[in-house]
Amino acid sequence: VLSEQIAGVCEHHDRRTACATELLENLLLEVSARKGAFLSRPLGVPVSASTCLRILYRIPTAYVPEDDIHHICIDDFAFRKGKTYGTMIVEALTHQPLELFEGRTAEATEIVLSKYQHLKTVSRDRACAYAAAIEQAHPGLAQVADRFHLMQNCSRHLSSQLKISKQIIRDELLAAFPSGLPPSEEERQKSENMRSQKYFEPIRRLLEKGLSEEQICKRYHYKRLVVKECMREINRDSLKQSQQRLDELLEDKKLRIYVANPEYEVNRNTGECSERNIQMTRIIEASKTLSDLRTCYLAFQEVFRKKDTELLDRWIEKYRLSRLKEMASFSAGIEKDIVAVKNAIIYDMSNGPIEGLNNKLKAIKRQMYGRAGYRLLMLKMSLSKTG
């Protein structure tokens, strides 16, 4: 008996029609192999998890001619944070993933980059390994430092400087507010409520006479909690309480935000400031160290807002020998990478596309953890629609 293959229905030796295979391919690009195997049963084309992987590996990856690649972004990603890393390269204009490879060393990156002979610009973070690899593979190629990473690095140095200068800032604020730090609106309101209570004045007079907490409770039948609250309110303006408030302020994680952003908690429509913003502004202006840190950060931010390379040169010159050691260190790092940083001002290019794809890669990697090899990751990164 002779039989003839029907074109378009199935491939040679296949046990599924082309329509069923296409259905599975579209499904498996969006879900893991185990989920795909589970969902294939109600669809009427049951397959195992291993078969799901074989179907995926048969799909051709999206191909972009190397001669058409002129602008790329490069960044690393973690398979296991702090343990194993890989590198991703993305076409900057189309956001098409081009390469996924193991490691983030200069040697591995140089080998991959050498394939692309028509590159004009490369956007990267502040990693020295990538900078060296680009310079070795394509000497003189325009490297663009990512603006987000530059501001992030500046913010980290600012945080480090706050930790280093904590005692200096504390002394400056105690000198500026010898009678204590100005209370916040919440503290002031609480204090007013307490002082307006009928029992506050009698208890205050008894305490001034030298009676102890226990004596007041026994003789006048006040609750111990009420007496303690009154004592706490009376001691609120003492030097000890003032120093305690100061220590809490210096430990506040939001201090860095207030220093870096004067418009934090300011209504953009009305310009109205919150009570906390007003208080923090007074505190920052009272400390020379905090004021200098704010000026330094905002001046660096202004460089990119105005897109002026001369402003950058003046900023480096000003803070190169600053008493703020961390900011001086950051300035020295900018000076070493000055060409890429200036290109970040000149070129309208960033690592934004690759950062978005990095999130997609993390989602795919976690979805199929244990089977997420580079070939499989590349397939899903290139062809999946939902991530």
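The values are calculated or read from the model by the stated rules, or taken from the named source; none is laboratory data. Everything quoted here is computed from the prediction, not taken from an experiment. Ideal geometry is used to build each Cβ from the backbone, glycine not excepted, and the neighbour counts take in all protein chains shown. Surface areas here come from the heavy atoms of the whole protein model, side chains and all, with no ligands, DNA or RNA. Shrake-Rupley method; radii C 1.70, N 1.55, O 1.52, S 1.80 Å.
In the stretch 193-213, what residues are open to solvent by 60 Å² or more (accessible area, probe 1.4 Å), within 53 Å of the chain's Cα centre (by Cα) and without any contact (Cβ under 8 Å) to a residue 12 or more places away in the chain?
Matches in the stretch 193-213: Asn193, Ser196, Gln197, Lys198, Glu201.
When the stretch 362-387 is examined, which residues are found to be in contact with a helix residue (DSSP H, G or I) (Cβ under 8 Å, 6 or more places away or on another chain), open to solvent by 40 Å² or more (accessible area, probe 1.4 Å) and either more than 30 Å from Pro60 (Cβ to Cβ) or outside any helix (DSSP H, G or I) (or both)?
Passing the criteria: only Arg371.
For the stretch 98-119, give me each residue that is touching a strand residue (DSSP E or B) at 6+ places or on another chain (Cβ under 6 Å), over 25 Å from Asn153 (Cβ atoms) and either assigned to a loop (DSSP other than H, G, I, E, B) or among the charged types (D, E, K, R) (or both).
Glu99, Glu102
Does Ala78 satisfy the condition of being open to solvent by less than 40 Å² (accessible area, probe 1.4 Å) and either at pLDDT 90 or above or over 21 Å from Arg375 (Cβ atoms) (or both)?
Criteria not met by Ala78.
Checking Gly140 against (1) within 30 Å of Leu249 (Cβ to Cβ); (2) out of contact with any helix residue (DSSP H, G or I) (no Cβ under 8 Å at 6 or more places or on another chain), only one condition comes out false. Which one?
Status for Gly140: all satisfied but (1).
Within the set of pairs 6 or more residues apart or between chains, which connect a residue that is of a type outside the set (Val, Ile, Thr) inside the stretch 255-274 to a residue that is in a helix (DSSP H, G or I) and open to solvent by 40 Å² or more (accessible area, probe 1.4 Å) with Cβ atoms less than 7 Å apart?
From residues that are of a type outside the set (Val, Ile, Thr), the pairs are Tyr264/Ile257; Glu265/Arg276.
Among Glu335, Glu326, which is among the acidic types (Asp, Glu), touching a helix residue (DSSP H, G or I) at 6+ places or on another chain (Cβ under 6 Å), buried (at least 18 other Cβ atoms within 10 Å of the Cβ) and in a helix (DSSP H, G or I)?
Matching residue, one of Glu335, Glu326: Glu326.
Quick check: anything in the stretch 46-64 part of a strand (DSSP E or B) and more than 30 Å from Arg15 (Cα to Cα)?
Checking the stretch 46-64: not a single residue is part of a strand (DSSP E or B) and more than 30 Å from Arg15 (Cα to Cα).
Quick one: which residue in Glu25, Glu4 is out of contact with any helix residue (DSSP H, G or I) (no Cβ under 9 Å at 6 or more places or on another chain) and either assigned to a loop (DSSP other than H, G, I, E, B) or open to solvent by less than 60 Å² (accessible area, probe 1.4 Å) (or both)?
Of Glu25, Glu4, the one residue that is out of contact with any helix residue (DSSP H, G or I) (no Cβ under 9 Å at 6 or more places or on another chain) and either assigned to a loop (DSSP other than H, G, I, E, B) or open to solvent by less than 60 Å² (accessible area, probe 1.4 Å) (or both) is Glu4.
Yes or no: Gly271 closer than 20 Å to His149 by Cβ, of a type in the set (Gly, Ala, Ser) and open to solvent by 20 Å² or more (accessible area, probe 1.4 Å)?
no
Based on what the data block shows, is Leu290 open to solvent by 40 Å² or more (accessible area, probe 1.4 Å) and in a helix (DSSP H, G or I)?
Answer is no for this residue.
Output the residues belonging to the stretch 343-361 that are within 16 Å of Ser384 (Cβ to Cβ) and either open to solvent by less than 20 Å² (accessible area, probe 1.4 Å) or of a type in the set (Phe, Trp, Tyr) (or both).
Asn358, Leu361
Condition check: out of contact with any helix residue (DSSP H, G or I) (no Cβ under 9 Å at 6 or more places or on another chain) and modelled with pLDDT of 90 or more. Does Gln161 satisfy that?
no
Name, by its number, the condition in (1) part of a helix (DSSP H, G or I); (2) within 30 Å of Glu30 (Cα to Cα) that does not hold for Ser350.
Tallying (1) part of a helix (DSSP H, G or I); (2) within 30 Å of Glu30 (Cα to Cα), Ser350 fails exactly one: (1).
So, restricting to helices (runs of 4 or more DSSP H) that lie completely within the stretch 198-277, which ones have at least 3 residues that are modelled with pLDDT under 85?
Because the criterion is at least 3 residues that are modelled with pLDDT under 85, the helices (runs of 4 or more DSSP H) in the stretch 198-277 that meet it are 200-208, 213-220, 224-234, 239-251.
Working carefully through the options Pro42, Pro46, find the one that is touching a helix residue (DSSP H, G or I) at 6+ places or on another chain (Cβ under 8 Å) and open to solvent by 10 Å² or more (accessible area, probe 1.4 Å).
Pro46
Here is a list: Phe148, Phe177. Which entry is at pLDDT 75 or above, more than 30 Å from Gln301 (Cα to Cα) and out of contact with any Phe, Trp or Tyr (no Cβ under 9 Å at 6 or more places or on another chain)?
Criteria check complete, one pass: Phe177.
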